[in-house]
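The values are calculated or read from the model by the stated rules, or taken from the named source; none is laboratory data. What you are looking at is a predicted structure, and each value in this text was computed from that prediction instead of being measured. Reconstructed Cβ throughout: ideal geometry from the backbone, glycine too, with neighbour counts over all protein chains shown.
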Amino acid sequence: MTDLSYARRPAKHIQRRMVVDALRRLRAFSPLSGYEYVGFGGMEFVDFELVHRELAVSKMASIELDSNGADRYRFNVPFAGVEVKFDRASAVLPDLLDESRLRIVWLDYECRLNLEVLQDVGTAMRKLSPGSVLLVSTNAQGPRRAADRISQFETDVEPERIPSSTTNSSLAKWGWADASHQVLVAEASAEIARRTDGSTFEQLFHFRYADGARMLTWGGLVLGPGMEPAFHGASFDDLNHVRRAGASPLEIEPPVLTLKEAVHLNAQLPASDPSALSAEGISDSDLASYADLYRWYPPVPAPM
Amino acid sequence: MSDDQQQVIDASPQRRFFVEMLTRDIELAPAIMDLVDNSADGAKRLRPEQGPNRYEGLSVHLELSGERFVIKDNCGGMSVELARDHAFRFGRSEDAPTVPGEVGQFGIGMKRALFKMGDRFTVESTAEASKFSLSVDVAEWAAENSPEWEFRFDEVEEGIETDEDERGTKITVEALRDLVKQDFDQELFVNRLRRQLSMRQLRLLQQGLQINVNGVDLQAPQPILLSGEEFRPIHVEKELPVNGNSLSLRLWAGLADAGGDDDDVDDAEKYRGEAPAGWYVFCNDRLLLYADKSRLTGWGAEAAAYHPQYRRFQGYVLLDGDARYMPWNTTKTGVDEDSRVFREVQNEMFDALQKVQAVINRLKKERRQGDADQRPAIEALDASEPKQLEDLSPSTSFVVPAPAPDPPATAQWIRYQVDLDDFKRVAESVDASAPSDVGRATFDWYLEEQVD
């Protein structure tokens, strides 16, 4: 199943593994088995598989909009610890987050950033227990027609939220993701400031990828007062796929390689100088990108 | 002149100047409402126990005319001690007794209101163990030059036992100022005052206090939410810490029996029926937000913006405790948005609003669905009954039955455009004129003729 998900959406798969790798470091706050994972599992529960296997998180909740075929979703639940909630995230989250516990919440939307997404971000910021993690993925593909971009963005998030330097042309290509990221950061900071426990939100993740449409993933940790030592202990900064506030986003562009090419390159990695890598007919930029990402590709089959 | 005297500037205020300054910044209606607040505070002291009929039998009567202003209550009266040490002093003294739930806090309201209205006032009050009367000619008092600022009781009795029926306060203002006279003669002013009072004292009216203005009793919509076995609105009770003290928060949010009227809230009649949708926030039973549907309470910010589909939403927030820590502005007519306590209250409101909106959205979705057997939330709603807030049990969630699965799609819309001339020819051929009939006829024909 994991390999299938890689084949269909390689960048997304790589991103998922990078996130899970970083989440291991939450151990500095509390044993991971004490966390609950909340996601949009869909029918395949790919992220749930990974989180359960890699992090030993066993209490999990999947939010599913499509209640038609509820039995089938429930049948496809991979582990007994997964509960499926059928409704919109905006309807489920306020109740789901009532019980105070550590959580990893990944709101993996297919839609663009909009008011409902921002409402969910606000709910999470106000309600997540300190030590919890929120990740948000949204589609970041703006309208093709340049003249429609600002007006569409205004419709999606309301004019008052639009960053001041935004123009139709600044929203071109990855510009939509840039602006969406700024809106998310501003919303999170406004909503976390509403808390009276003194918690802050520390950005850890900022990815871009395009398996088809451009996508944005952003996330971080709710840091409570007195948690700074644990945060330093977790050393998130040591991970080169972590992006703290102010850093430029990590763009995931995995080159498509044959098995033979991957095996050939893996034998040369890790390399202190990626430009020394060699493989027939593969561009330098693909080589550099593979050198960055190879650890997150699915393992190549071991020889019998 | 001695050196000592040369060093001294006499900064003691002229009384007339003081009276003018004091009355300049308050309008007439708010000044009167301050007086009603004092009566309301008396009612709260007299009946400390919460409950729907808390103020049964207590009343405040106001009479406004070109001749005079009278406010008369039977809310326990003011003791001579309170009058002497606090009520008639300017500014509240540090050691003033604090009554939990009291609104009056800044110690200026009553004098300001009386000065505002006229040149002569009389206060008569009978408390449990004392009674007094005091008349002041404001013009005379202001013209006096004595450095001692004094009012004198006309009659005073202490250490007596008074008849319970006589306990209360009556304030009369005569020699009204010209502008005040004009206002009091206008029915429009009196009506507006009624409306403002019925809002500001909503909570006390709901709990049985009678307020009568020129012969008309103020009415208040009852705070009622629908509740049933499987349909339980949100009710949160919480202590909010503030400066080593705490305020008690009680919050209810759910659906009213039927949607209140959203139209112009200027019509006093509307206060007699169902309350309009939105949040009602009370601090020590004083209304600070009325039917609020703004960002302040989460609408269009932390939760979805107001839309008529939410017209049955009603939320009540009651904050009780020491007046000094209440999140209200200095005139106590609105909230202090920067207050930390209010922020906590807001977080609770946002949460409750989101949850109620989710239930309303569920109901709407079920209503749109064709299958009448698959409407568990609507059935639960239909089986619920209007309940007084006090009769609702705590629940952080809005309890409704789990949704039925979406029915599988069994119908499909078709929409398309065709050339108008072609349409007319086909319409004539199938002998129909409505586009939907033409579409159905052609689809049915194809289905019949061409599809196995």
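Counting only residues that are hydroxyl-bearing (S, T, Y) and buried (at least 19 other Cβ atoms within 10 Å of the Cβ), which one in the range A:124-145 is nearest to the chain's Cα centre (by Cα)?
Looking only at the range A:124-145, we keep the residues that are hydroxyl-bearing (S, T, Y), and these are A:129, A:132, A:137-138.
Within this subset, residues satisfying the condition of being buried (at least 19 other Cβ atoms within 10 Å of the Cβ) are A:132, A:137-138.
On the way: A:S132: 14, A:S137: 6, A:T138: 9 Å.
Checked the range A:124-145; the qualifying residue nearest to the chain's Cα centre (by Cα) is A:S137.
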Need the failing condition index for B:E128 against (1) farther than 27 Å from B:W141 by Cα; (2) surrounded by 18 or more Cβ atoms within 10 Å (Cβ to Cβ); (3) modelled with pLDDT of 90 or more, just the number. (2)
The lone exception for B:R112 - which of (1) surrounded by 15 or more Cβ atoms within 10 Å (Cβ to Cβ); (2) at positive phi it fails: (2)
Out of (1) surrounded by fewer than 18 Cβ atoms within 10 Å (Cβ to Cβ); (2) away from chain B (no Cβ under 14 Å); (3) touching a residue at least 12 places away in the same chain (Cβ under 8 Å), what's the single condition that is false for A:P31? (3)
Restricting the range B:296-325 to residues that are on the phi > 0 side of the Ramachandran plot and within 14 Å of chain A (Cβ to nearest Cβ), which is surrounded by the fewest Cβ atoms within 10 Å (Cβ to Cβ)? B:G300
Among the residues of the range A:110-119, is any crowded, with 21+ Cβ neighbours inside 10 Å, in contact with a Ser or Thr (Cβ under 9 Å, 6 or more places away or on another chain), within 14 Å of chain B (Cβ to nearest Cβ) and at pLDDT 95 or above? yes
Identify, by number, the condition in (1) part of a helix (DSSP H, G or I); (2) surrounded by 17 or more Cβ atoms within 10 Å (Cβ to Cβ) that B:L226 doesn't meet. (1)
Filter the range B:429-443 down to the residues that are assigned to a helix (DSSP H, G or I) and under 16 Å from B:Y416 (Cα atoms) and list them by number. B:P435, B:S436, B:D437, B:V438, B:G439, B:R440, B:A441, B:T442, B:F443
Which residues, taken from the range A:211-270, are at pLDDT below 90 and closer than 30 Å to A:E187 by Cα? A:G212
Residue ID - farthest from B:R295 (Cα to Cα), chosen from residues in the range A:176-191 that are touching a Phe, Trp or Tyr at 6+ places or on another chain (Cβ under 9 Å) and surrounded by fewer than 20 Cβ atoms within 10 Å (Cβ to Cβ): A:V185
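Among the residues of the range A:64-81 satisfying the criterion of being in a loop (DSSP other than H, G, I, E, B) and away from every other protein chain (no Cβ under 11 Å), which is surrounded by the fewest Cβ atoms within 10 Å (Cβ to Cβ)?
Pass one, the range A:64-81, residues in a loop (DSSP other than H, G, I, E, B): A:65-69, A:76-81.
When the remaining residues are screened for being away from every other protein chain (no Cβ under 11 Å), the result is A:76-81.
Values: A:N76: 16, A:V77: 17, A:P78: 16, A:F79: 14, A:A80: 8, A:G81: 15.
Among them, the one singled out is A:A80.
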Tell me which strands (runs of 3 or more DSSP E) are completely within the range A:187-282 and hold 2 or more residues being closer than 22 Å to A:F29 by Cβ and out of contact with any Pro (no Cβ under 6 Å at 6 or more places or on another chain), or say none if there are none. A:200-209, A:215-223
Do we find that A:E116 is assigned to a helix (DSSP H, G or I), farther than 30 Å from A:P229 by Cα and within 17 Å of the chain's Cα centre (by Cα) in this structure? no
So which of B:V430, B:V426, B:V400, B:V438 is modelled with pLDDT of 85 or more and within 14 Å of chain A (Cβ to nearest Cβ)? B:V400
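Does at least one position in the range B:380-398 carry a residue that is touching a helix residue (DSSP H, G or I) at 6+ places or on another chain (Cβ under 7 Å) and β-branched (V, I, T)?
Within the range B:380-398, the first condition is being touching a helix residue (DSSP H, G or I) at 6+ places or on another chain (Cβ under 7 Å), and the residues that meet it are B:381, B:397-398.
From what is left, the residues that are β-branched (V, I, T) are none.
Taking every residue of the range B:380-398 in turn, none turns out to be touching a helix residue (DSSP H, G or I) at 6+ places or on another chain (Cβ under 7 Å) and β-branched (V, I, T).
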Within the bounds of the range A:37-44, is there any residue that is at positive phi, surrounded by fewer than 21 Cβ atoms within 10 Å (Cβ to Cβ) and free of Cβ contacts under 8 Å to residues at least 60 places away in the same chain? yes
Quick check on my filter: what residues within the range A:86-98 are more than 9 Å from chain B (Cβ to nearest Cβ) and touching an Asp or Glu at 6+ places or on another chain (Cβ under 7 Å)? A:A89
Of all residues in the range A:51-63 being small (G, A, S) and surrounded by 14 or more Cβ atoms within 10 Å (Cβ to Cβ), which is farthest from A:L135 (Cα to Cα)? A:S58
From B:A411, B:A377, which residue is more than 30 Å from B:S246 (Cα to Cα) and within 13 Å of another protein chain (Cβ to nearest Cβ)? B:A377
Among strands (runs of 3 or more DSSP E) entirely inside the range B:136-217, those with 2 or more residues being of a type in the set (V, I, T) and surrounded by 15 or more Cβ atoms within 10 Å (Cβ to Cβ) are B:168-176, B:210-213
Could you give me the residue pairs with C-beta distances under 7 Å whose first residue belongs to the range A:242-262 and is closer than 24 Å to A:S283 by Cα, whose second residue is among the acidic types (D, E) wherever it lies, and which are 6+ apart or on separate chains? A:P255/A:D286
Has the range B:221-233 got at least one residue that is free of Cβ contacts under 8 Å to residues at least 60 places away in the same chain and within 20 Å of the chain's Cα centre (by Cα)? yes
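If you check B:R362, B:R343, B:R367, which single one turns out to be in a helix (DSSP H, G or I), within 13 Å of chain A (Cβ to nearest Cβ) and surrounded by fewer than 18 Cβ atoms within 10 Å (Cβ to Cβ)? Lay out the reasoning, then the answer.
Working: B:R362 fails: surrounded by fewer than 18 Cβ atoms within 10 Å (Cβ to Cβ); B:R367 fails: within 13 Å of chain A (Cβ to nearest Cβ).
Just one listed residue meets the conditions, B:R343.
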If you check A:F75, A:F40, A:F29, which single one turns out to be out of contact with any helix residue (DSSP H, G or I) (no Cβ under 6 Å at 6 or more places or on another chain) and closer than 21 Å to A:V136 by Cβ? A:F40
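Any residue that is among the aliphatic types (A, V, I, L, M) and loosely packed, with under 15 Cβ neighbours inside 10 Å - is there at least one of those in the range A:231-246? Walk me through it before giving the result.
So the first thing to find is which residues in the range A:231-246 are among the aliphatic types (A, V, I, L, M), and the list is A:234, A:239, A:242, A:245.
Then keep just the ones that are loosely packed, with under 15 Cβ neighbours inside 10 Å; that gives A:245.
Yes, some residue in the range A:231-246 is among the aliphatic types (A, V, I, L, M) and loosely packed, with under 15 Cβ neighbours inside 10 Å.
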Checked pairs for the range B:179-190, first hydrophobic (A, V, I, L, M, F, W, C), second in a helix (DSSP H, G or I), C-beta under 6 Å and 6 or more apart or across chains, list as B:V180/B:M117; B:F189/B:D183
